[in-house]
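Trainee: Structure incoming, see below.
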RNA sequence: GCGCCCGUAGCUCAGCAGGAUAGAGCGUCCGCCUCCUAAGCGGAAGGUCGCGCGUUCGAAUCGCGCCGGGCGUGCCA
């Protein structure tokens, strides 16, 4: 349980209010002279039918304060709580020690399953910068939910079906050859794809030919299927390089083709439940009552659509994983699509429709316009990661020439810079890709956090103290700089809980930065090694705790925590 | 046209289940390495919170209306 929660319980116990309500009302005052936690009582005025200052006074008088709180004070409609520095430092540091890498976690999930649909790349198309958000947000949420006690199922819903395969086969047979594709992999496929679109502008017939080839895939034609599988395995092999760099692995790669034989069930069920309407040859679910355009599930030529497949996948996932929640980490462009088919699932009578969540994020564009796969205007994610690693290597060579294993550290930090960048703001913001920003290592960046971690490690290493004793004089950590570190660490669990609640990884990123900023200030102002023994011990304990929280925070957003850099 | 989202410092963004004097990073300017990693730390300058009206004891935060931008809007995904 985190500290605001413990405080909320204490207040709840003597006021007859609900702790769950109170815990989200507790805030951190803008100024340190106003205390460490505050409870604004204004919102309680309506339910309790008393004036806020009166409520504040009641709470102040009647609450038996938790051990880490020294006193409470009424200021206007607020109750300000002042922590007992040594007791709070003790409570926080011990909590970090006891929980280790699980600090900030909980058992809220109780082993229930959460499906997370993320990254979801297209086969035979480049893994480009536009896929970064879904990939890293999904991965961070995976770890955050795990931290909260859920069992996560990471699903890469591959785009491995559709006419683009017909186009590719046509292009391959006309202008490609085996050796060239084997060697160039996705880049060669992309060239073929671009060539197809160029040629198809002049020759309409190519599109018919492409459709015919796709039909042959659908009909299990041997040659077509062989090429299809070949393109797929080439792509998966290639993208695994990027996933390896990011440290990401999926539990399932069940994508579009996987659901080919599972869509008739959807149509039949919709029919049975009298939800289908025939309109101009197409079958759809009317949603005008909900102020939405209809959800088309069967085209007039009999083909299924995106929505049909998503409904089939949701049914399958519910059957297979019995999820408590199913997250779709997909760009906000598809907001309407998700609202439509979520509604359809609800109309089908499934109460778990409410557990389907579209985790939307903003779009990435280039300074000179949007990305276009068809024209070959893409920035490969791997290219960005490699550039970041390369730059990191230069920085290391310059700043830490003696570092052993430079390439490994450069990978951790370079990749970390790019990933961090995508996880530092709320998801919904659009992003214009900029090399300057992706490769910035100063300020509130991944490398800054990793640097602080390495700095903590350096102190602990140089102190050459085998074990920091359990019992230490926490009084020695009551100075403002040390207490800032304590407060930042104490706030961390709340941030993780909220990040899971809101599906917003940046809340974790920012909480970690707060710990780093506090620690760096502490480090600059206070000497750690070489002080009188009890002081050194206390400060080492603080350093060890900070290192641990930073390491956990980095893990949760998917970054490595190098010990030297 | 309609729907969803965004608009806070020069730039990028926090803050928005209303609450205490609106914060951070970058950039600019000025300081700090004979001392545990300067990828660091400190300071200065910089804001009619897009505009208006309303609700409220109190609005960056809630409602309505504008303005500006992005996305979407029946057989792509």
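The values are calculated or read from the model by the stated rules, or taken from the named source; none is laboratory data. All values reported here derive from a predicted model rather than from experimental measurement. Cβ: placed from backbone, ideal geometry, glycine included. Neighbour counts: every protein chain shown.
Trainee: Inspect segment A:459-469 for any residue being under 26 Å from the mean Cα position of the chain (by Cα) and either surrounded by fewer than 19 Cβ atoms within 10 Å (Cβ to Cβ) or under 26 Å from residue A:419 (Cβ atoms) (or both) and give the result as yes or no. Outline the logic, then answer.
Mentor: Step one: list which residues in segment A:459-469 are under 26 Å from the mean Cα position of the chain (by Cα), which gives none.
No, the conditions are met nowhere in segment A:459-469.
Trainee: Quick check, is residue A:546 within 13 Å of RNA strand B (Cβ to nearest atom), touching a helix residue (DSSP H, G or I) at 6+ places or on another chain (Cβ under 9 Å) and without any contact (Cβ under 8 Å) to a residue 40 or more places away in the chain? Lay out the reasoning, then the answer.
Mentor: Working: within 13 Å of RNA strand B (Cβ to nearest atom): yes; touching a helix residue (DSSP H, G or I) at 6+ places or on another chain (Cβ under 9 Å): yes; without any contact (Cβ under 8 Å) to a residue 40 or more places away in the chain: no.
No, not satisfied.
Trainee: Does segment A:503-530 hold any residues that are under 11 Å from the mean Cα position of the chain (by Cα) and farther than 16 Å from residue A:451 by Cα, and which are they? Break it down stepwise before answering.
Mentor: Applying the first criterion (under 11 Å from the mean Cα position of the chain (by Cα)) to segment A:503-530 yields A:503-509.
A:503, A:504, A:505, A:506, A:507, A:508 - these are the residues of segment A:503-530 that are under 11 Å from the mean Cα position of the chain (by Cα) and farther than 16 Å from residue A:451 by Cα.
Trainee: Would segment A:426-449 turn up any residue that is out of contact with any helix residue (DSSP H, G or I) (no Cβ under 6 Å at 6 or more places or on another chain), within 11 Å of RNA strand B (Cβ to nearest atom), modelled with pLDDT of 95 or more and part of a helix (DSSP H, G or I)?
Mentor: yes
Trainee: Have a look at A:544, A:514 and point out the one that is closer than 14 Å to residue A:95 by Cβ and surrounded by fewer than 23 Cβ atoms within 10 Å (Cβ to Cβ).
Mentor: Numbers: A:514 fails: closer than 14 Å to residue A:95 by Cβ.
Just a single option satisfies the conditions, and that option is A:544.
Trainee: Given the criterion more than 9 Å from RNA strand B (Cβ to nearest atom) and closer than 30 Å to residue A:318 by Cα, identify the matching residue among A:114, A:92. Even if it seems obvious, please write down each step before you answer.
Mentor: On the way: A:92 fails: closer than 30 Å to residue A:318 by Cα.
Of the residues listed, the single one that is more than 9 Å from RNA strand B (Cβ to nearest atom) and closer than 30 Å to residue A:318 by Cα is A:114.
Trainee: In addition: Filter segment A:327-342 down to residues that are near RNA strand B (Cβ under 8 Å from one of its atoms) and within 21 Å of residue A:154 (Cβ to Cβ) and give me whichever is surrounded by the fewest Cβ atoms within 10 Å (Cβ to Cβ).
Mentor: Here the answer is A:334.
Trainee: Do you know which residues across segment A:292-325 are over 25 Å from the mean Cα position of the chain (by Cα) and over 21 Å from residue A:349 (Cβ atoms)?
Mentor: A:293, A:299, A:300, A:301, A:302, A:303, A:304, A:305
Trainee: Here's a follow-up. Looking at the structure I just gave you, is residue A:564 part of a helix (DSSP H, G or I), out of contact with any strand residue (DSSP E or B) (no Cβ under 9 Å at 6 or more places or on another chain) and either over 14 Å from residue A:96 (Cα atoms) or within 12 Å of RNA strand B (Cβ to nearest atom) (or both)?
Mentor: Numbers: part of a helix (DSSP H, G or I): no; out of contact with any strand residue (DSSP E or B) (no Cβ under 9 Å at 6 or more places or on another chain): yes; either over 14 Å from residue A:96 (Cα atoms) or within 12 Å of RNA strand B (Cβ to nearest atom) (or both): yes.
Spelling it out, it is not the case that residue A:564 is part of a helix (DSSP H, G or I), out of contact with any strand residue (DSSP E or B) (no Cβ under 9 Å at 6 or more places or on another chain) and either over 14 Å from residue A:96 (Cα atoms) or within 12 Å of RNA strand B (Cβ to nearest atom) (or both).
Trainee: Right, here's the next one. Of the conditions (1) in a loop (DSSP other than H, G, I, E, B); (2) farther than 23 Å from residue A:533 by Cα; (3) away from RNA strand B (no atom under 11 Å from the Cβ), residue A:471 fails just one. Which one is it?
Mentor: It fails just one condition, (2).
Trainee: Report, ordered by the first and then the second residue, all pairs with beta carbons closer than 9 Å, sequence separation of six or more or different chains, a first member in segment A:441-467 that is touching a residue at least 12 places away in the same chain (Cβ under 8 Å) and at positive phi, and a second member that is near RNA strand B (Cβ under 6 Å from one of its atoms) and assigned to a loop (DSSP other than H, G, I, E, B).
Mentor: Once the first residue is touching a residue at least 12 places away in the same chain (Cβ under 8 Å) and at positive phi and sits in segment A:441-467, no partner that is near RNA strand B (Cβ under 6 Å from one of its atoms) and assigned to a loop (DSSP other than H, G, I, E, B) comes close enough.
Trainee: If you don't mind, another one. Here are A:388, A:417: which of them is within 18 Å of residue A:133 (Cβ to Cβ), buried (at least 20 other Cβ atoms within 10 Å of the Cβ) and either more than 9 Å from RNA strand B (Cβ to nearest atom) or at pLDDT below 95 (or both)?
Mentor: It is A:388.
Trainee: Oh, and also: Please work out which one of (1) more than 15 Å from RNA strand B (Cβ to nearest atom); (2) surrounded by fewer than 18 Cβ atoms within 10 Å (Cβ to Cβ); (3) more than 30 Å from residue A:45 (Cα to Cα); (4) at pLDDT below 95 is the condition residue A:169 fails and give its number.
Mentor: (2)
Trainee: Identify, please: which residue in segment A:343-357 is assigned to a helix (DSSP H, G or I) and touching a residue at least 12 places away in the same chain (Cβ under 8 Å) and is, among those, surrounded by the fewest Cβ atoms within 10 Å (Cβ to Cβ)?
Mentor: Initially, segment A:343-357 is screened for residues assigned to a helix (DSSP H, G or I), giving A:343-347, A:351-355.
Subset that is touching a residue at least 12 places away in the same chain (Cβ under 8 Å): A:343-345, A:347, A:352, A:355.
Working: A:343: 17, A:344: 25, A:345: 21, A:347: 18, A:352: 15, A:355: 18.
Looking at residues that are assigned to a helix (DSSP H, G or I) and touching a residue at least 12 places away in the same chain (Cβ under 8 Å), I get A:352.
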